[in-house]
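First up is the structure itself, then whatever we jot down about it.
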Ligand SMILES: [Zn+2]
C-alpha cells in the first residue's frame, strides 16, 4: 500500500472523498479527453461492420503491430528472426500461426526487452495481473491503450442501456474504508464519474440493509461488481422477500454461474450483462441485450482458440484462448497465452453486431472466504494484494477454519522479508485482525485430482440463507 493509500484510509470520510475525487479528476482527463471521442466514434462504427470488414480491420491493425514490434521491440525482433518470420510474411490474421506463442514466463523473463524503443518509457502506465493461478505479471500500457479500454467499457455499459453520465454503483476490489469499520458509510462517491464505490469488504448480514438503503436512496439504476459480491447482496434481498429494481447489473472477473445470474435478476428485477476482460488488455467480450453469449470485441483484439498442440479447435469446441491486443504498441502482447478456455459459437446475433459470439469462459472457480465477524470476502478482491508481488511464482489461499487463513507461496529467488511484509499488510487491510494469516513457503502447489488448480479454498461454506 502506497503512502497516499495509507493517508486515504486514515483520513476522515470528508477528506477521503476529496482524495478520491481528485484522483478521479486526474484520470478523467487522461481517459476521456479528445482521444476518447475519436476512438469512441471509431468503435461505434466498428460494431456494425460486416464480418469480412472486421477481418480486414483486424488484419490491417495486425500488420501495423507486427511491423512495429519487429522494428522497435527487441524481444520480438529476436524471436521473429529465430522463427524466420519477417513483417511481410504477416499479411492477414490467417498468418498469425507463423508467430510463436507468448507465455507469462516469456514476459517475466524478457520484460525490459518487450518495451518498444519508440516510446518514452516514463510516460507509460503500469498494470498488474495476479493471474488466475496467483502468478503475478507486470505490464505496461501507453495512454492510447487505456483510452481504448475505457471506450470498450463505455460500449459495454451502453449495451446494458446506460447513458453517459448516468449514476452507477461499483462493488469491486477497491478498498473504500478500513476493514474494522463497523457502521456505515461503507461507500464513497466519485462525483467526477457519477459513481458510487461500495466496499466489498463489509458484506455481512448486519450491514447489508444499509447497502440496500443507500442504493435505493441514491436512486441507483445500474450496479457493477463481481458475480460473488453482487450475489451476496442479491441473496440478502431474496431472503428478505424484497426487490430493489435496477435497470441492469454488470458483472465481470469471475465465472458467472447460472444460479447466481437468476438470483441476481430476481433480486434486482433486471437483466445481468456479463463481460470478460483481462489486465493484459488482449480480449474484451461482452453480452448484448440478446444475451446469446459474449460478443468477442473484434476491434479490441484477436482471439484464437487452440488445442494443447497449438492447433485451432473447430468452432463450438473449447480451446485455450491465445490473444493479441491490437492497440498496445508500447508493450505489445502478440499471441499471448491466457489461462482461460472457451469456444467460439457458430450462431449470429439478432442485435445487429457482427462481433463473433463465444461460449462460457472457464476461469476462476474459487471459494469465498467467510470471516469471524460474518463478512464474506470474494476471491477476486483477494487478488489485489498479490498484484505488486513480482517475486512470487505462485500462491494459494486456504481457509482451514473460521480463524485461520494459510497463504502458500512459491517464491522467486529475489523474494525478501519486505515482500512478505507488503503481502501481509495487503491481506490485513482486507481481512482485518480477527484471523490468523499464516504465510508458508512451499516448492509447489497442490492441484485437484482433475489437475485443476483452485487459488482460494475454504472449509467454511458461506451460508447465504440470510
Ligand atoms: Zn448481440
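Structure above, values below:
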quantity	calculated
Tilt relative to the chain, helix 51-72 - C-alpha long axis, 0 to 90 degrees, to 10	80 degrees
Mean-position separation - Cα centroids, the stretch 301-358 and the stretch 9-75, in angstrom	20 Å
0 to 90° range, to nearest 10: angle between helix 143-159 axis and the chain longest Cα axis	60 degrees
Gain in span if fully extended, residue 269 to residue 240, counting 0.36 nm per residue against the direct Cα distance	9.0 nm
Inter-site label distance for residue 348 and residue 216 at 7 Å from Cα along Cβ, in nm	4.6 nm
Percent antiparallel among DSSP beta bridges (both partners in the stretch 366-458, rounded to 5)	55 percent
For the chain, share of DSSP beta bridges that run antiparallel, in % to the nearest 5	60 percent
Chain lengthening between residue 17 and residue 42 when straightened (0.36 nm per residue, less Cα-Cα)	5.5 nm
The chain - Kirkwood radius from inverse mean 1/r over Cα pairs (Å)	23.3 Å
Prolate/oblate/rounded label for the stretch 145-231 (Cα gyration tensor, a/c 1.5)	prolate
Cα-projected label distance for residue 307 with residue 60, points at 7 Å along beta-carbon direction, nm	3.6 nm
Added length on full extension, which subtracts the Cα-Cα distance from 0.36 nm per residue, residue 50 to residue 413	125.6 nm
Cα centroid of the stretch 379-430 to Cα centroid of the stretch 148-218, whole Å	26 Å
Rough spin-label spacing in nm, given labels placed 7 Å along Cα→Cβ, for residue 35 and residue 71	2.0 nm
Viscosity 1.567 mPa s, 4 °C: Kirkwood-radius Stokes-Einstein D of the stretch 366-458 over Cα pairs, µm²/s	95 µm²/s
Residue list for the stretch 411-446, given a label point 7 angstrom along the Cα-to-Cβ vector of residue 180 and an amide N cut-off under 20 Å	421-438
Rounded tilt (10° steps) of 417-431 against the dominant C-alpha axis of the chain	60 degrees
Convex hull volume per residue for the stretch 100-251, taking Cα atoms only, in Å³	169 Å³
Estimated FRET transfer efficiency (residue 258, residue 167; beta-carbon r; R0 25 Å; 0.05)	0.30
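Computed from the coordinates by the stated procedures, all read-outs in this text should not be read as laboratory data. What you see is a predicted model; the values in this text were computed from it and never measured. All Cβ positions, even for glycine, are placed from backbone atoms using ideal geometry, and neighbour counts span all protein chains on display.
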